[in-house]
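Please read the structure below before turning to the comments.
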Amino acid sequence: MAQYLPVLYAIAALGGLGILFGLVLGVADKKFAVKLDERVSAVRSVVAGANCGACGYAGCDAYAAAVVKGEAKANACTPGGAKTAKAIAAIMGVDADALEPMVARVRCQGTCENVSPRYDYAGIPSCRAASGIAGGPNACEFGCVGLGDCVDRCPFGAISIQDGVAVINDDVCTGCGVCVSTCPRGIIQMLPKSQTIVVMCRNKAIGRIARLQCKTACVGCKRCEKQCPSDSIHVVDGVALIDETTCTRCGACILVCPMHCIVNFYDRDIAGEAAAAAEEETLPKWDN
Amino acid sequence: MSPIVKILLFMFSCVLTHNYIFSRFLGCCPFLGVSGKVETAFGMGIAVTFVMTLASLFTYFAYYYVLVPMKLEYLNTIAFILVIASLVQVVEMFLKKSAPSLYSALGIYLPLITTNCAVLGVTILNITEGYNLLYSVLNGTFGALGFLVAIVLMAGVRERLETAKIPAPLKGFPISLVIAGLMSMAFLGFSNMFAGVM
């Protein structure tokens with residue numbers, strides 16, 4: 001029996017230390033308990049929990065904390081999708097506006113009619129391959145190649161090539177963003193569904209060259225910039241870009257664009273609306 | 001030699017000649033893992049200093065007042081791991097409650113230190129070298145400051161590497177290892193600094 005004593009001592013010593021530290025930790029946990037916002041754990045329980053970092057935070061815990069602090073949007077959890085966004089919105093009491101659905105938009109109008117071919121491409125039918133050869137088969141080296149890499153990659157069949165340009169069906173698009181990274185020209189952008197006013201060009205060449213390349217190229221004239229009442233359209237790198245977070249969708253830029261490269265997706269009668277509004281201002285008001 | 005001078009020499013030797021990373025090769029994982037930015041490297045260094053000092057103190061008591069009386073000296077490794085892990089947990093809770101700003105600044109590094117071999121290394125070296133309580137704690141504090149110096153130096157070099165032109169096969173981790181080796185050789189220059197007095 002005596003030879004087993006050291007074993008018993010060892011068990012007693014380590015077990016004792018373990019229990020002692022366990023007790024200390026237990027007491028410390030109670031004593032140093034920090035009151036956390038219960039919404040943090042509630043949000044944490046509804047997000048996807050993959051710690052994938054798609055939301056831009058270090059992990060699901062960090063994202064949940066940021067949501068409760070109001071720094072992060074409720075719909076930033078991509079893997080969780082609409083279900084998670086709704087659940088977070090319910091916890092946080094956010095209204096539906098914050099959960100604006102996103103759609104992908106192809107910013108190019110380089111149809112066969114508008115842009116002339118540079119050369120006859122007869123290689124493998126891939127935008128990535130074609131765009132690497134002498135600036136691509138179209139005169140404009142910034143626009144849609146039209147060979148349908150995005151069509152192949154779209155998991156929902158929302159994209160089709162119409163007249164040489166990729167067109168995305170808003171009603172089918174789920175906003176997954178796969179096409180954005182697929183496009184070798186980088187002309188597809190994720191935009192809120194309500195952002196129907198889009199600069200349909202990414203041509204960064206100077207005006208004279210851009211005009212030669214495409215009939216509807218942005219020439220960087222800055223007329224839209226001057227017209228915009230909310231200062232949300234700017235010419236960056238020689239091409240106009242709308243800041244969708246401040247754009248009021250008034251459509252003032254559409255009317256002044258000489259190249260007709262700013263487009264309203266839903267074809268509102270912007271000219272008519274503006275005329276009506278102007279008329280309303282000039283007419284004397286009878287009702288007061 | 002007066003005891004004050006002896007203690008001062010001991011401190012310097014902990015930082016320079018017996019640097020935990022460059023001459024004992026302990027704690028190489030965080031040294032390479034979190035030396036991307038000077039700021040985070042400094043945070044890690046401070047956290048290590050904090051924990052190493054406390055760990056030296058507590059393991060001293062655990063060893064001489066629990067393990068030695070029960071003749072269980074051979075269990076020091078596992079007992080020290082237990083002490084360090086619990087200590088880090090308590091420190092984390094304490095900081096979360098009393099110093100939230102420090103807690104968030106140290107962030108993930110605090111729990112990571114639980115598995116830092118430099119911390120365990122210090123506590124075991126304290127025992128094998130036979131240091132008394134004062135020397136144990138000093139060894140912990142100044143050994144960790146040596147770690148701090150090393151990791152901040154490394155982070156400074158790596159920040160510059162970001163923009164440097166490096167041959168493709170050496171990019172990233174390989175060049176970091178080469179630099180760690182060169183820095184280690186540079187620190188070898190201190191090796192006999194206190195040879196005559198220690």
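When chain A is modelled as a GNM with alpha-carbon springs shorter than 10 Å, which of A:PHE156, A:PHE32, A:PHE265 fluctuates the most?
Comparing A:PHE156, A:PHE32, A:PHE265 in a Gaussian network model of chain A, the most mobile one is A:PHE32.
Between A:ASP243 and A:VAL180, how many nm apart are label points set 7 Å from Cα along the C-beta direction?
The answer from the label model is 1.8 nm.
Along the positive direction of the dipole of the protein assembly as shown (beta-carbon charges: Lys, Arg +1; Asp, Glu -1; about the Cα centre), which of A:ASN264, B:LEU170, A:CYS77 reaches farthest?
Ranked along the dipole, the leading option is B:LEU170.
Can you tell me the orientation of helix B:3-15 relative to chain B, as the angle in degrees between its alpha-carbon axis and the longest Cα principal axis, to the nearest 10?
40
Rounded to the nearest 10 degrees, what's the angle between the helix A:81-92 long axis and the longest principal axis of chain A, both from Cα atoms, 0 to 90?
70
Using a 10 Å cut-off around each Cβ of peptide A:11-22, what is the average number of partner chain Cβ atoms that fall inside?
4
Could you work out which residue, out of A:ALA122, A:ALA104, A:ALA66, moves most in a Gaussian network model of chain A, that is, has the largest mean-square fluctuation with Cα springs under 10 Å?
Result for chain A, Cα springs under 10 Å: A:ALA122 fluctuates most.
For A:LYS73, go through the lysines and keep the ones whose alpha-carbon is under 18 Å away, minus same-chain ones fewer than eight residues off.
A:LYS83, A:LYS86, A:LYS193
About its Cα centre, what dipole magnitude does the range A:117-255 give when the only charges are +1 on Lys and Arg Cβ and -1 on Asp and Glu Cβ, stated in debye to the nearest 20? Let's see the in-between values first.
Working: 14 positive and 12 negative charges, 94 e Å.
Roughly 460 debye, rounded to the nearest 20.
Among A:GLY59, A:VAL106, A:GLY15, which residue has its Cα positioned farthest towards the positive end of the charge dipole of chain A, with +1 placed on the Cβ of Lys and Arg, -1 on the Cβ of Asp and Glu, and the dipole taken about the Cα centre?
So the residue we want is A:GLY15.
How much of the accessible area of the protein assembly as shown, probe 1.4 Å, is carbon plus sulfur, in whole percent?
Details: 16450 of 26120 Å².
That share works out to 63 percent.
Cα centroids of the range B:163-197 and the range B:1-75: how far apart, whole angstrom?
Value for the Cα centre distance between the two parts: 21 Å.
Classify the range B:60-198 as rounded, prolate or oblate, taking a ≥ b ≥ c as the square roots of the eigenvalues of its Cα gyration tensor: rounded when a/c is under 1.5, otherwise prolate if a/b is larger than b/c and oblate if not.
oblate
Could you sort the peptides B:68-75, B:33-40, B:97-104 by per-residue average Cβ neighbour count (10 Å cutoff), highest mean leading? Walk me through the numbers before you get to the answer.
On the way: B:68-75: 14.0, B:33-40: 16.6, B:97-104: 12.4.
Highest to lowest by the protection proxy: B:33-40, B:68-75, B:97-104.
Need one word for the range A:96-244: rounded, prolate or oblate. Basis is the Cα gyration tensor (sqrt eigenvalues a ≥ b ≥ c); a/c below 1.5 gives rounded, then a/b vs b/c decides.
oblate
Can you put A:TYR63, A:TYR121, A:TYR9 in order of accessible area, largest first, using a 1.4 Å probe? Working shown, then result.
Numbers: A:TYR63 5, A:TYR121 50, A:TYR9 110 Å².
Putting A:TYR63, A:TYR121, A:TYR9 in descending order of accessible area: A:TYR9, A:TYR121, A:TYR63.
Per residue, how many Å² of accessible area does chain A show with a 1.4 Å probe?
That works out to 56 Å² for each residue.
What does the extension gain come out to for B:GLU159 and B:PHE194, with contour length at 0.36 nm per residue minus their alpha carbon separation?
9.3 nm
Past 22 Å, Cα to Cα, is the threshold; run A:LYS31/B:LYS96; A:LYS69/B:LYS97; B:LYS37/B:LYS171; A:LYS35/B:LYS96; A:LYS30/A:LYS69 against it and keep the listed order.
Details: A:LYS31/B:LYS96 11 Å; A:LYS69/B:LYS97 19 Å; B:LYS37/B:LYS171 17 Å; A:LYS35/B:LYS96 11 Å; A:LYS30/A:LYS69 25 Å.
Over 22 Å Cα-Cα: A:LYS30/A:LYS69.
How much accessible area is lost when chains B and A come together, counting both sides, with a 1.4 Å probe, in Å² rounded to the nearest 100?
That pair of chains buries around 1400 Å² in total.
Quick check: the angle from helix B:117-128's long axis to the longest principal axis of chain B, C-alpha only, nearest 10 degrees?
In chain B, helix B:117-128 runs at an angle near 40 degrees to the longest axis.
Pairs of alpha-carbon atoms within less than 8 angstrom and 6+ residues apart define the contacts here; what relative contact order does chain B have, in percent?
Over chain B, the number comes to 43 percent.
Roughly how big is chain A's charge dipole about its Cα centre, with Cβ charges of +1 (Lys, Arg) and -1 (Asp, Glu), in debye to the nearest 20?
860
Find the percent of Cα-Cα distances in the protein assembly as shown that exceed 39 Å, and round it to a whole number.
Result for the distance tail: 51 percent.
Have a look at A:VAL239, A:SER160, A:ILE133 and report the one farthest towards the positive end of the charge dipole of chain A, computed about the Cα centre with Cβ charges (Lys/Arg +1, Asp/Glu -1).
Sorting the options by dipole projection puts first A:ILE133.
How high is the FRET efficiency from B:SER184 to A:LYS222, r the C-beta distance, R0 56 Å, rounded to 0.05?
Given R0 = 56 Å and the Cβ-Cβ separation, E is 0.45.
Taking 8 Å as the Cα distance limit and 6 or more residues as the minimum spacing, I'd like the relative contact order of the range A:109-226 as a percentage.
Result for the range A:109-226 is 25 percent.
The values are calculated or read from the model by the stated rules, or taken from the named source; none is laboratory data. On a predicted model such as this, the values are computed, not experimentally measured, just so you know. Please note: Cβ atoms are built from the backbone with ideal geometry, for glycine as well, and neighbour counts cover all protein chains shown. Surface areas here come from the heavy atoms of the whole protein model, side chains and all, with no ligands, DNA or RNA. Shrake-Rupley method; radii C 1.70, N 1.55, O 1.52, S 1.80 Å.
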